[in-house]
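Notes follow once the structure below has been shown.
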Amino acid sequence: MTRLAVFVATAGYCGYSPVAPGTAGSAAGLVVYLLVWWSGSRAVEIGLILAVFAVGVWAGTIAERYFGGIDPGPVVIDEVLGMLITLAFIPAGITAAFAGFVLFRIFDVFKPYPAGRFEKLHGGLGVMADDAMAAVYANLALRLVLWLLPAWIA
């Protein structure tokens, strides 16, 4: 089970990227978002977000023990979740998806309140919750950008 958890937690080993593993995990999240986009279903979108969160909590808890630290660098399933939440319920084309990617990375790095506090939660819940909150901020910021600059981003 540990191997499976590490595979999931590292988003298919994307987290082992030697440069910017979080960015690699976010890129993997864009690929997963394509499933949502192709389905065109809000039920699929909600179901996938909930499933990635639940599986991420499980895998993140095991991966923390495996790697021996809190929210270790190779664990990027939280970035996959972050991209799904960032783009949730937004009809995102390529430009908007890229803008969401950049916004999520910014909010994930800076972790405005209360995202930084969520990181202190125990185990996989802390791994997932801080990025989920950062993604909510990124989603709201992306909506604002789309409202202010619809012709540039849409």
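Every number here is computed from the coordinates shown, using simple stated rules; none is lab data. Keep in mind the model is a prediction, meaning the values are calculated, not measured. Neighbour counts run over all protein chains shown; Cβ positions are idealised from the backbone, glycine included.
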request  = Could you please let me know if ALA92 is assigned to a helix (DSSP H, G or I), within 19 Å of ALA27 (Cα to Cα) and in contact (Cβ under 8 Å) with a residue 40 or more places away in the chain?
outcome  = no
query = Out of the residues in the stretch 6-24 that are polar (S, T, N, Q) and farther than 16 Å from THR86 by Cα, which is surrounded by the fewest Cβ atoms within 10 Å (Cβ to Cβ)?
reply = SER17
message = Of the conditions (1) closer than 25 Å to TYR13 by Cβ; (2) out of contact with any helix residue (DSSP H, G or I) (no Cβ under 6 Å at 6 or more places or on another chain); (3) of a type in the set (Val, Ile, Thr), THR86 satisfies every one except a single condition; which number is it?
response = (2)
query = Residue check, ILE46 against (1) in a helix (DSSP H, G or I); (2) touching a helix residue (DSSP H, G or I) at 6+ places or on another chain (Cβ under 9 Å); (3) of a type in the set (Val, Ile, Thr), all met but one. Which one?
reply = (2)
query = Since TYR66 meets every condition but one in (1) over 15 Å from the mean Cα position of the chain (by Cα); (2) within 19 Å of SER26 (Cβ to Cβ); (3) surrounded by 13 or more Cβ atoms within 10 Å (Cβ to Cβ), which condition does it not meet?
reply = (2)
query = Which ones in the stretch 120-146 are over 14 Å from the mean Cα position of the chain (by Cα) and within 28 Å of ALA5 (Cα to Cα)?
reply = LYS120, LEU121, HIS122, GLY123
Filter result for PHE98 (within 24 Å of SER17 (Cα to Cα), free of Cβ contacts under 8 Å to residues at least 24 places away in the same chain, of a type in the set (Phe, Trp, Tyr) and part of a helix (DSSP H, G or I)) = yes
note = Expected output for the stretch 25-53 (first residue surrounded by 13 or more Cβ atoms within 10 Å (Cβ to Cβ), partner among the acidic types (Asp, Glu) and in a helix (DSSP H, G or I), Cβ below 6 Å, 6+ apart or cross-chain) is GLY25/GLU79; SER26/GLU79; GLY29/GLU79; VAL36/GLU45
task = Filter the stretch 56-78 down to residues that are part of a loop (DSSP other than H, G, I, E, B) and touching a residue at least 24 places away in the same chain (Cβ under 8 Å) and give me whichever is nearest to ALA115 (Cα to Cα).
result = ASP71
query = Just checking, how many residues over the stretch 92-131 are under 24 Å from ARG65 (Cα atoms) and surrounded by fewer than 20 Cβ atoms within 10 Å (Cβ to Cβ)?
reply = 11
